[in-house]
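Below is one structure, written out as structure tokens; the observations come after it.
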Amino acid sequence: VPRLAARGLVHRFGDTTALAGVDVDLTDGGSLAVMGPSGSGKSTLLHVLAGILVPTAGTVHLRGTPVQGLSERERSLLRRRSYGFVFQHGQLLSELSARENVALPAMLLGTPRAEAEAAADRWLAQLGLAGAEGRRPGELSGGQAQRVAVARALATHPDVVFADEPTGALDQATGHDVMKLLVETTREVGASLVVVTHDADVAAWCDRRIDMRDGLVVAPGSTPSGGAGP
Ligand code: ADP
Ligand code: ADP
């Protein structure tokens, strides 16, 4: 059984068909890059896979359990327990230190503060941020802030990490470092990874890659009609 299995995903926003019939399998601990031009359905696919959006048609199974059919509240709990998220802009809470940002999701799941903060410090050290635990996001560089976001995504021991353009706001060298850490640390902890990206160099870090166009998965290497091709 794949860790995450999606079949026949269709998603419509009014008259717009964002997903037109997509199948995706995520293996245990594997990483998948989702590429394609703007508007091809990448973010919608990520949101449907992550249980943020309910598809118009099709199914998503996490470890063999169907995600559709869960209530909004159950899906919210599933996201917190089983998934980690990294966005283009880390969306760290600006009033909290790096340590508190990383500790918060585990605390919301019931881990006592002292334990969650000790674990947060270990994650931060693993991501090369020893010494920065007490800093607020405004006192970190863009690359450091994204590494805090990666630590936060991993700190709840998720089954799957979803990353939407995680290097989109970084220069190439910094993005490269963040992507390498994201792929390596998710692999080390046995989490599967889905990365939406425009950047073929970012996709190259992943085990597998799919290319999307007009809501469909197309053959790898097909040249997108617009946007950046590899
Ligand atoms: P990508 O991530 O590849 O840029 P998206 O998944 O964001 O593509 O969008 C796929 C299509 O769905 C686009 O035509 C987009 O305009 C449309 N779309 C996405 N989100 C919404 C929304 N909330 N309401 C209406 N249309 C949307
Ligand atoms: P809750 O219901 O507990 O407030 P949310 O639904 O706000 O939880 O979010 C659960 C996870 O999904 C969070 O990590 C959040 O950042 C992410 N998320 C929620 N909505 C979106 C969205 N529109 N796009 C991307 N990620 C989202």
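Every read-out reported here was derived from the displayed coordinates using simple, explicitly stated rules and does not represent laboratory data. Computed from a predicted structure; not experimentally measured. Positions of Cβ are backbone-derived with ideal geometry, glycine not excepted, and every protein chain shown enters the neighbour counts.
Points worth noting:
- Spin-label pair ALA125/LEU96, simplified geometry with 7 Å Cα→Cβ offset, distance in nm: 2.1 nm
- Net lengthening on full extension, ALA204/ALA114 (0.36 nm per residue, minus Cα-Cα): 28.6 nm
- Distance between modelled label sites at ALA219 and GLN88, nm, 7 Å Cα→Cβ extension: 3.1 nm
- Per-residue Cβ neighbour rank within 10 angstrom, fewest leading, LYS180, LYS42: LYS180, LYS42
- Whole-number percent relative contact order across the stretch 63-126, with pairs defined as alpha carbons under 8 Å at least 6 apart: 25 percent
- Residue by residue, the stretch 55-70 carries 3J(HN,Hα) couplings of x, 4, 8, x, 10, 10, 10, 9, 6, x, 9, x, 8, 5, x, 6 Hz when phi is fed to the Karplus relation 6.51 cos²θ - 1.76 cosθ + 1.60 (θ = phi - 60°); x denotes Gly or Pro.
- When SER97, SER71 are arranged by Cβ crowding within 10 Å, least crowded first, meaning fewest neighbours, the order is SER71, SER97.
- Under 5 Å, built H, 5+ apart or other chain: amide partners of VAL196: VAL34, ALA163, ASP164, GLU165
- Where a label projected 7 Å from the Cα of PHE13 along Cα→Cβ would reach, residues of the stretch 55-88 with amide N under 15 Å: 55-56
- Computed about the Cα centre, the dipole magnitude for the chain is approximately 460 debye when only Lys and Arg (+1) and Asp and Glu (-1) carry charge, each at its Cβ.
- Span-like helix ranges in the chain, DSSP H, alpha carbon extent 27 angstrom or more, Kyte mean at least -0.5: none
- Positive minus negative residues near VAL102 (Lys, Arg vs Asp, Glu; Cβ under 11 Å): 0
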